[in-house]
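Student: Pasting a structure below so you can have a look.
Just so it is clear, none of the values below were taken in a lab; they were calculated from the coordinates. Quantities reported herein were computed from a predicted structural model and do not represent experimental measurements. Cβ placement follows ideal geometry from the backbone for every residue including glycine, while neighbour counts extend to all protein chains displayed.
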Amino acid sequence: MTSLTALLSKWPLVRQIRERKDGTGLEAMSEKTRVMHARTDDAQVARSICPYCGVGCGQLVYHKNGKLISIEGDPESPISQGNLCPKGAASYQLLTHSRRETKMKYRAPRAKEWTEISLERAMEMVAERVWESRKRAFVRQIDGSNINHTTAICHLGGATLDNEENYLIKKLFTAGLGMVCVSNQARI
């Protein structure tokens, strides 16, 4: 067999003609294609819900050796039936993009540069500012009636919070801090 004949016999089209196949089976594939496999093969999968809005589309999160491999729509989801909107379909890039910020950053008033701070320090700063705003604008009584509220701070909840989480947030922020402006993003 000449080298040209050997080369031609490797082509899927020649194999289809020789074996009288219709080109819909393995004969249509090259050896390289036959040995390929999906990146999600042998990965673990976790069911999740898209975090972008209140619809709650199902997602399949594929991971292998502690590394995220892929995020796809869950065909078994009764809500989305495997479909994702453009934002949901971009979830993988949101989590793996090389320019994703993973550290807390703070820019002091009138500063031109951001500085990295610890998560603990960032949480302390938020708590201090919420408490100071509450103290500064807290109204105990108006015309002898107990009011016990502040309009200086508010809370906007995420769209994927469930009823129980929203209930606890409402109780914490209204009874605990006296907020009168507590809202949620899920208004579909």
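Student: Just checking my list (i) 20.4; (ii) 10.5; (iii) 22.9 against mean projected area of the Cα convex hull in nm² computed from this structure; which label fits?
Tutor: Here mean projected area of the Cα convex hull in nm² agrees with entry (i).
Student: Taking the Kirkwood radius as the inverse of the mean 1/r across Cα pairs, report the Rg/Rh of the range 44-96.
Tutor: Taking Rh as the inverse mean 1/r over Cα pairs, Rg/Rh reads 0.95.
Student: Bins of 10 Å, beginning at zero and ending with the bin holding the largest distance: percent of Cα pairs per bin for the range 1-91, please.
Tutor: 15, 28, 18, 19, 15, 4, 0
Student: Say each of Glu164 and Ser3 gets a label point 7 Å from the Cα, pointing the same way as Cα to Cβ; how far apart are those two points in nm?
Tutor: 7.1
Student: If amide hydrogens are placed 1.01 Å from N in the peptide plane, which non-local residues have theirs closer than 5 Å to the one on Ile49?
Tutor: HN-HN under 5 Å from Ile49: Gln59.
Student: If only Cα atoms are counted, what is the Rg of the range 36-141, and what is its Dmax, in Å?
Tutor: That works out to 20.3, 72 Å for Rg and Dmax.
Student: Pick out which of Lys112, Lys64, Lys87 has the largest mean-square fluctuation in a Gaussian network model of the chain, springs linking Cα atoms closer than 10 Å.
Tutor: Lys112
Student: Based on the mean of other beta carbon atoms within 10 Å per residue, what is the order of 134-141, 103-110, most packed first?
Tutor: Descending mean neighbour count gives 134-141, 103-110.
Student: ³J(HN,Hα) across the range 108-123 via Karplus (A = 6.51, B = -1.76, C = 1.60, θ = phi - 60°), whole Hz, x for Gly/Pro?
Tutor: With coefficients 6.51, -1.76 and 1.60, one gets 5, x, 6, 7, 9, 10, 8, 10, 7, 10, 6, 4, 4, 5, 4, 5 Hz.
Student: So, one more: Which whole-Hz ³J(HN,Hα) couplings does the range 162-172 yield from phi under the Karplus relation 6.51 cos²θ - 1.76 cosθ + 1.60, θ = phi - 60°, glycine and proline marked x?
Tutor: Per-residue couplings from phi come out as 8, 4, 5, 5, 4, 4, 5, 4, 4, 5, 4 Hz.
Student: Please compute the length gained on full extension between Met123 and Gln16, using 0.36 nm multiplied by the number of residues separating them and subtracting their Cα-Cα distance.
Tutor: Roughly 32.0 nm would be gained on extension.
Student: Between the range 51-107 and the range 119-135, what's the alpha-carbon centroid distance in Å?
Tutor: 30
Student: Can you list the residues of the range 122-160 with backbone N under 12 Å from a point 7 Å past the Cα of Ala111, pointing along Cα to Cβ?
Tutor: 122
Student: Shifting gears a bit: Among Glu165, Glu128, rank each residue by its count of other Cβ atoms within 10 Å, from fewest to most, as a rough exposure measure.
Tutor: The order, fewest Cβ neighbours first, is Glu128, Glu165.
Student: Additional query: Which order, highest average first, do 10-20, 68-78 follow once you tally other Cβ atoms within 10 Å for each residue and take the mean per peptide?
Tutor: Ranking, from highest mean packing down: 68-78, 10-20.
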